[in-house]
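Enquirer: Quick one: structure below, then a few questions.
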């Protein structure tokens, strides 16, 4: 697993070298694009086909000192969808390739690591890459600062949480923590710090203030991939820490988080509905979606939560890439009337998620079918409204991937 | 006990100063605040092991309980490097912003929007 991450890092550096050449030849650029795409497919296949019972420890040390990498079966759809959207971006958009591969490296690290401090390291790499993203096409330093300052404070909180959990368990490995930690007040304070850090990164109310101020500053091409991955990764990490380390939330803390999720859902939806700027609208809607995700995290099993994340990553990316980079559409402002309709549609599909994830057994696969229908409908509306042709590769690619993810969840359901 | 008290006071003071500076409007002060807060957190992380042990290098120990836990020390080292990298990046951003806006006020960022 660590070899896969190293390979991705080398790929990012090689692409950076090619991009740094003053006048890169078109042929060289194309060769590196295809090498990167083939490598991504190879690395994704290796990660997905590795047995979920096997783990790899860096340096061969025991878990206390070594860093363990392990991917559970439930996480595989999410890894698949993340690699798929980066592959699509590489093949059909091909913008800031080195940065995107660097971002994917950090995401793969977050997905695969089983070590609490290593999770912090990958998060910092992820943040460094995302700090650079707004200044790629134009020197938009304000966006970086508005995004970076809350993120650095959140990272400090995460580090305090790690310190407290280590003090109480003597381990950093999530599985070892689950075996040795006792549910004391100190442990709950540690969980609280980790939760605050992750909720800030996810943009849950009242830690959402940075989202509306910074997200719309990302350029149209990068915005879909940032929107599809970055806010969700905070909640993924929170879920990973809570479930793998088997940490039980205090009832009061759990109630507070439920209230926060409800407030995020309602305020995010209202802000998005009345926002005329399309990117700011989706930035506000990501607050609403984070609220839904938090509710799902608290109420349902990790596999349902990860499957929902996988669907949502695919759906958000393909909808926005088709909307923002396709072509003749002004980035701001867009007519309020038609933007309110898809936002309401997304809101309803997310309510479907909550109903489906709460059912026993969960029928989250049906939710995927709703998503397919919603995607086809929205792309159709878009082509009617804007009188532009929706590009075929985007919709076909999205459809194939969502069907594959549905197959994953059916497999998961059949195997209990 | 006294050592722990001194370190606790130090962590508290650094965190307080860091938070105070982060709440200021000057971008440079915010940066210094972030740096101070990050140092406070590093010190906190360092204290997550027992502070009474002997340094685990250069000697052979009969009783492993005598040795200080080396893991938080390694973690702090990594956290310092990462924190330094990110603060350096942000310093560059603040410098560039200062060149562009000729101003050091965080509120000016909203005016520009």
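The values are calculated or read from the model by the stated rules, or taken from the named source; none is laboratory data. This one's a predicted model, so the numbers in the text were calculated from it and none came from an experiment. Cβ: placed from backbone, ideal geometry, glycine included. Neighbour counts: every protein chain shown.
Enquirer: Among the residues of the stretch A:225-241, is there at least one that is buried (at least 23 other Cβ atoms within 10 Å of the Cβ) and part of a loop (DSSP other than H, G, I, E, B)?
Expert: no
Enquirer: Among the numbered criteria (1) assigned to a helix (DSSP H, G or I); (2) surrounded by 15 or more Cβ atoms within 10 Å (Cβ to Cβ); (3) free of Cβ contacts under 8 Å to residues at least 40 places away in the same chain, which single criterion is violated by residue B:49?
Expert: It fails just one condition, (1).
Enquirer: In the stretch B:8-46, which residues are within 11 Å of chain A (Cβ to nearest Cβ) and in contact with a strand residue (DSSP E or B) (Cβ under 9 Å, 6 or more places away or on another chain)?
Expert: Selection gives B:27 alone.
Enquirer: Tell me, which residue of the stretch A:163-175 that is buried (at least 22 other Cβ atoms within 10 Å of the Cβ) and within 7 Å of chain B (Cβ to nearest Cβ) is farthest from residue A:196 (Cα to Cα)?
Expert: A:166
Enquirer: Is there a residue in the stretch A:191-214 that is facing chain B (nearest Cβ under 9 Å) and in contact with a helix residue (DSSP H, G or I) (Cβ under 8 Å, 6 or more places away or on another chain)?
Expert: Checked against the condition, which is being facing chain B (nearest Cβ under 9 Å) and in contact with a helix residue (DSSP H, G or I) (Cβ under 8 Å, 6 or more places away or on another chain), the stretch A:191-214 yields at least one hit.
Enquirer: Out of the residues in the stretch B:54-76 meeting the condition of being touching a helix residue (DSSP H, G or I) at 6+ places or on another chain (Cβ under 9 Å) and more than 11 Å from chain A (Cβ to nearest Cβ), tell me which one is modelled with the highest pLDDT.
Expert: B:73
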